[in-house]
Amino acid sequence: MRKFAISTLIIGCLTLILVAFILIFSQKTRQILRSPLPDFLTSFRNSQVSTLTIWKPNLENQVRNSIKKPVASAKSALVYDLTTDTVTFAKDPKEKVPMASLTKIMTAIVALENKRKDGKYIVRKEDLVGEDSMGLTEGEILTLEELLYGLILHSANDAAETIANNYIGGRERFIEAMNDKAKSLGLMSTNFTNPSGLEGDGAQYTSAYDLLVMTRYAVLNFPTFTKITSTYAYTLPSSKNHKEFYLENETNLITSYPGVKGIKTGYTPEAGFCLVTYLEYEGYQIIGILLNSDNRREEMKQLLDYSLKSLGVEPPKHS
């Protein structure tokens, strides 16, 4: 009887050990098999975009035709059709150059992904940048969408500063978020030091390639962004929190080239004349980028005409 009891005890202990071993091994197996991909491909770089979502334009996929290419004075240029993933025009698209107010595309992206829960953006004294402002006054309270109309249509630097200073953690943390977002989108030739584009320090730069990725991301993910960029003029009516503002889109291709949905202009002495344009025409979705151009609007029209012809489409009549 005693031998039987001892045998039973031994068997019970061995069973417990076996069960424990199986549980430990199965747990390790689950950890090992959680993904067939390496960690750097499955982990999130930040809370906004996984490395798996990075879109890389194929610069090798260029149109081949006998149509005479236009000559671009721009230091860097890129025109890309999103529908066919085709480059229709390129000139040093990966060169690092200043971007001026094209910065505000990323400012809008970060702001839209990190809206204040209370919806109130208070204007402070330090936001009142005199140059290219929408005329904000200290103490006024606006919504994010109202500020975005000023940011995009009027290229308002005071709107950019107000958005940044109302970010959780303040202006410096907002700029960090801009650079974090750039990294998460795979932008290897972009750096931000301020939210408006008033460089001055030479450390704020991008490339036409990176601007293509940035603009595509904004267009595909934020209906509010595209609604505002395609608006020619907008009046913010006065309220108990702020005065009335009349804002006009500086990208005049909206009214002169059918299908253009605007996006953003930019200029500083350092960056020269810059322009990002988005066109929807005959089923094609084209993003055009000019950096440091002598005549950005006329050159953009020529590039859009050339791109449509290269894709087999007759360009619209335009002024």
Using only Cα positions of region 121-242, each an equal point scatterer, no hydration layer, compute I(q)/I(0) via Debye at q = 0.09, 0.11 Å⁻¹ and quote the log10 values to two decimals. -0.26, -0.39
Shape call for region 153-197, from the Cα gyration tensor axes a ≥ b ≥ c (a/c under 1.5 means rounded, otherwise prolate when a/b beats b/c, else oblate), comes out oblate
Mind jotting down the three principal axis lengths of region 58-310 based on Cα atoms? Whole angstrom, largest first. 60, 34, 31
Residues meeting the amide H criterion for Tyr205 (H placed from the backbone, H to H distance under 5 Å, 5 or more places apart or on another chain) are Asn191
Partner aspartates and glutamates for Lys181 [C-alpha distance under 17 Å; skip if fewer than 8 residues away on the same chain]: Glu113, Glu172, Asp210
Quick check on the exposure proxy: order Thr137, Thr103, Thr143 from fewest to most C-beta atoms within 10 angstrom. Thr137, Thr143, Thr103
Label-point separation (nm) for Asn221 and Lys56, each offset 7 Å from Cα along Cα-to-Cβ? 1.9
So if R0 is 22 Å, what FRET efficiency would Ile141 and Asn191 give, r being the distance between their Cβ atoms, rounded to the nearest 0.05? 0.10
Treat the count of other C-beta atoms within 10 Å as a stand-in for reagent exposure and order Lys117, Lys243, Lys309 from fewest to most. Lys117, Lys243, Lys309
Multiply the residue gap between Arg124 and Glu176 by 0.36 nm, knock off their C-alpha separation, and tell me the result in nm, one decimal place. 16.7 nm
Glu95/Asp294 FRET efficiency (R0 25 Å; Cβ-Cβ; nearest 0.05): 0.90
What does the charge add up to near Pro93, with Lys and Arg as +1, Asp and Glu as -1, over the other residues with Cβ less than 13 Å from its Cβ? +1
Roughly how many whole Å is it from the C-alpha centroid of region 292-309 to that of region 127-155? 30
Need the list of lysines near Lys227 for cross-linking: C-alpha distance under 18 angstrom, and skip anything on the same chain fewer than eight residues off. Lys104, Lys115, Lys261, Lys264
What full-extension length gain, to one decimal in nm, is calculated for Ile168 and Ser319 as 0.36 nm per residue of separation minus the Cα-Cα distance? 49.8 nm
What's the exposure ranking of Ile67, Ile286, Ile141, going from fewest to most Cβ atoms within 10 Å? Ile67, Ile141, Ile286
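The numbers here are math on the coordinates, done by the rules we state, and not lab data. Computed from a prediction, not measured in an experiment: that's the story for all the values here. Glycine also receives a Cβ, built like all others from the backbone with ideal geometry; neighbour counts cover every protein chain displayed.
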